[in-house]
Amino acid sequence: MLKYETLILARTQITADELSIIENFYENLLSDVKGKVIAFDKWGKYRLAYPVKKNDYGIYILVRYEMLEETVTSAFKKISEFFKIKCSEVVMRNVSVKLDETASTIYKYPEPVDVGRAGGLDTFIKENKMEGFLGDAKPSSPVEDKKDSPKEETSTEKKVEQN
C-alpha cells in the first residue's frame, strides 16, 4: 500500500456539512479502491502569504490515506474531478503528494489564527527570546519627565550653596 496526503485550502466560510462531504468522499473513494483514510484533520484558520481568490485567510485540511498502487491513477482522476466540479466554490487550492514509506506520521503545524493567545506583547517577546529587541528603557513623554524629575541645578547655583 502506498501512502499519500492531500492538503486542502478552503474558504473560511466552509460549513460543517461541506467538511463532512469532503471527508465522506475520501472514505467512499478509498473503500472503492481498497484503501483507507489514515487521518482527516482540520488544522484551522491561517493568514495566507498572498490573497488566493480574493481571500486573505483560509482553512487548512490535511487528509492522509493509503491505497494500492494499481488504483492510484484512477483515484487521483476522481479526486481532481471532485475538487473541480463539486467543491469549486469551497476549496481554493489542493495538493496531493506521495509520502515516503519511512516518513513519520507525526506532523507539526503552527497555531491557527482562530485560537486565542494568552498573554500579550510581553509574553510574545519572552517566548521568542526578543527581550533586548525593543530596549530596556521605559518609554515616557517629555512632559512626564519634567513633572517627575527634580529640577537640575546650574553651576552658578551650586557655587552659591557651597559658599
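The values are calculated or read from the model by the stated rules, or taken from the named source; none is laboratory data. As the structure is a computational prediction, the values presented were derived from the model and not from experiment. All Cβ positions, even for glycine, are placed from backbone atoms using ideal geometry, and neighbour counts span all protein chains on display.
Scanning segment 66-88 for residues that are outside any helix (DSSP H, G or I), closer than 26 Å to Asp56 by Cβ and either at pLDDT 95 or above or in contact with a helix residue (DSSP H, G or I) (Cβ under 9 Å, 6 or more places away or on another chain) (or both) yields a single hit, Cys87. Do we find that Leu9 is in contact (Cβ under 8 Å) with a residue 60 or more places away in the chain and either hydroxyl-bearing (Ser, Thr, Tyr) or part of a strand (DSSP E or B) (or both) in this structure? Yes; evaluated as a whole, the condition is true for this residue. Would you check if Lys53 is exposed (fewer than 13 other Cβ atoms within 10 Å of the Cβ), at positive phi and not small (Gly, Ala, Ser)? Criteria met by Lys53.
Taking the listed residues Glu66, Glu27, Glu23, the one that is of a type in the set (Asp, Glu) and touching a Gly at 6+ places or on another chain (Cβ under 6 Å) is Glu66, with no other qualifying. For segment 94-104, the set of residues classified as under 22 Å from the mean Cα position of the chain (by Cα) and either closer than 17 Å to Tyr26 by Cβ or assigned to a helix (DSSP H, G or I) (or both) consists of Asn94, Val95, Ser96, Val97, Leu99, listed by residue number.
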